[in-house]
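Structure record follows, encoded as structure tokens.
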Amino acid sequence: MAAGSAPPRVLNVNVGVLGHIDSGKTALARALSTTGSTAAFDRAPQSRARGITLDLGFSCLRTALPPQLGPGPGELQFTLVDCPGHASLIRTIIGGAQIIDLMMLVIDVTKGMQTQSAECLVIGQIACQKMVVVLNKIDLLPEAKRQSAIEKMTKKMQKTLENTKFCGCPIVAVAAKPGGPEAPESENPLGVSELIEVLKSQAYLPSRDPSGHFLMAVDHCFSIKGQGTVMTGTILSGSVSLGDNVEIPALKVMDDYSVIGRSLFKKETNIQIFVGLKVKLSTGEEGIIDGGFGQSGKFKIRIPGGLKPETKMLLSAASKKKSKAGKGDANKEDESSKNDSAQPVTITLLFKRYVFDTQKKMIQS
């Protein structure tokens, strides 16, 4: 680049990778990406242990700027948002869908539309304007019948989409990881270059408003050893430059009519089953379970009659005690917990489950 000349512009388009669990979304993101973030490709130990995507993954693909995005030198960056496919992680999927401009619906070509495929399609119709269907795992089809099977599945998908906003959208057949997860890395993916060209043809300039105060919704938060906490997100308004100071507002997790509960459910519990059930605090107030917070096991309780002043004092004291205990005071915190309860207000949930209830609902007595 000549001295004094402006750097080539980089236009960014957020592409969501959505689909049913085990359809090969993460393998596709890996095959497409030129750069992976610290949150890409299921690097979290929990994801590796369970063999599924548990959180949003971020990576990017940089390619030449297509003609429809304007003349002049520049690059097009596709930021790939790899969303989980498991039904219990639907809130995380919705969180990812809120920030995408273009959606890739990944379909296992040997299975077609599945339950979460349909759910992702509904989310896509709300969240974005354009979609590309990716028929993945074509390497599992017998080579002699591969082309006819792809054509048959393509017609099925076209029929499925004909009454949606994505009617007539591109459908591309690929094998992101031929041979499956255990196959050697030397195996080259099939159809990925064709998919990139289709993505380029569907790319458009999203509407971004740089005016107003800087406001960013946090989409992902993680820590890097030796560096600290990193937050990534979507800028809703305004702009920010390198070296600027930003304010991170503190959220008030408790008011006069709600509290946050913990340790009543396991982290993997689907708290939606318990929404609407009545609970009772050890201080006498009665409440209703409003919902959970992702996969943390925590949940919100609404107190219609409001909290008693003495209950608020107990909860405030417990919160202050917890915040004062730093990482180096873990042993002191454990010792003090034995002598003085670290959670003075307990929650009681009483219910009975009818054995022959066909809907398997939680029924309170």
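For a protection proxy built on the mean count of beta-carbon atoms within 10 angstrom, sort 58-68, 134-144 highest first, please. Present the calculation step by step, with values, prior to reporting the outcome.
Values: 58-68: 16.4, 134-144: 18.4.
My ranking of the peptides, most packed first, is 134-144, 58-68.
Determine, from the Cβ-Cβ distance of Glu162 and Asn270 and an R0 of 25 Å, the FRET efficiency 1/(1 + (r/R0)^6), rounded to the nearest 0.05. Mind showing how you got there, number by number?
Values: r = 34 Å, r/R0 = 1.34.
Given R0 = 25 Å and the Cβ-Cβ separation, E is 0.15.
Report, in listed order, any pair from Lys111/Lys137; Lys266/Lys308; Lys155/Lys177; Lys25/Lys266 with a Cα-Cα distance greater than 21 Å. Kindly include the intermediate steps, with their values, before the conclusion.
Working: Lys111/Lys137 10 Å; Lys266/Lys308 28 Å; Lys155/Lys177 24 Å; Lys25/Lys266 27 Å.
In this structure, Lys266/Lys308; Lys155/Lys177; Lys25/Lys266 lie more than 21 Å apart at Cα.
In nm, what is the difference between 0.36 nm times the number of residues separating Leu69 and Thr232 and their Cα-Cα distance? Write down the numbers at each step before the final one.
Numbers: separation 163, 0.36 × 163 = 58.68 nm, distance 2.60 nm.
In short, 56.1 nm is gained.
The HN-Hα couplings worked out from phi for the range 15-26 by the Karplus form 6.51 cos²θ - 1.76 cosθ + 1.60 (θ = phi - 60°) are 10, x, 10, 10, x, 5, 4, 6, 8, x, 5, 5 Hz, whole numbers, x standing for Gly and Pro. Near Leu277, the amide H atoms lying under 5 Å from its own belong to Ile289; only residues 5 or more places off or on other chains count, and H is placed 1.01 Å from N.
Near the amide H of Gly19, within less than 5 Å, lie the amide hydrogens of Val106, all on another chain or at least 5 residues away, with H placed in the peptide plane. Here the Karplus relation 6.51 cos²θ - 1.76 cosθ + 1.60, evaluated at θ = phi - 60°, turns the backbone of the range 156-162 into coupling constants of 4, 5, 4, 5, 5, 8, 5 Hz, with x for every Gly and Pro. Here Thr234, Thr79 are placed in order of increasing Cβ neighbour count within 10 Å, fewest first, which gives Thr234, Thr79.
Using 1/(1 + (r/R0)^6) with R0 = 51 angstrom and r between the beta carbons of Ser148 and Ser241, what's the FRET efficiency to the nearest 0.05? Provide the component values of the computation, followed by the final result.
Values: r = 55 Å, r/R0 = 1.08.
Working from the Cβ atoms, E equals 0.40.
Sorting 120-133, 10-23 by average packing, meaning the other beta carbons within 10 Å per residue, from highest down gives 10-23, 120-133. Between the amide H of Ser237 and those of Leu215, distances stay under 5 Å, these residues lying 5 or more places away or on another chain, with hydrogens modeled in the peptide plane.
FYI, it's all coordinate maths here, none of it is from the lab. Owing to the predicted nature of the structure, the values given are computational and were not obtained by experimental measurement. A quick note on method: Cβ atoms are made from the backbone with ideal geometry, for glycine too, and the neighbour counts reach across all protein chains shown.
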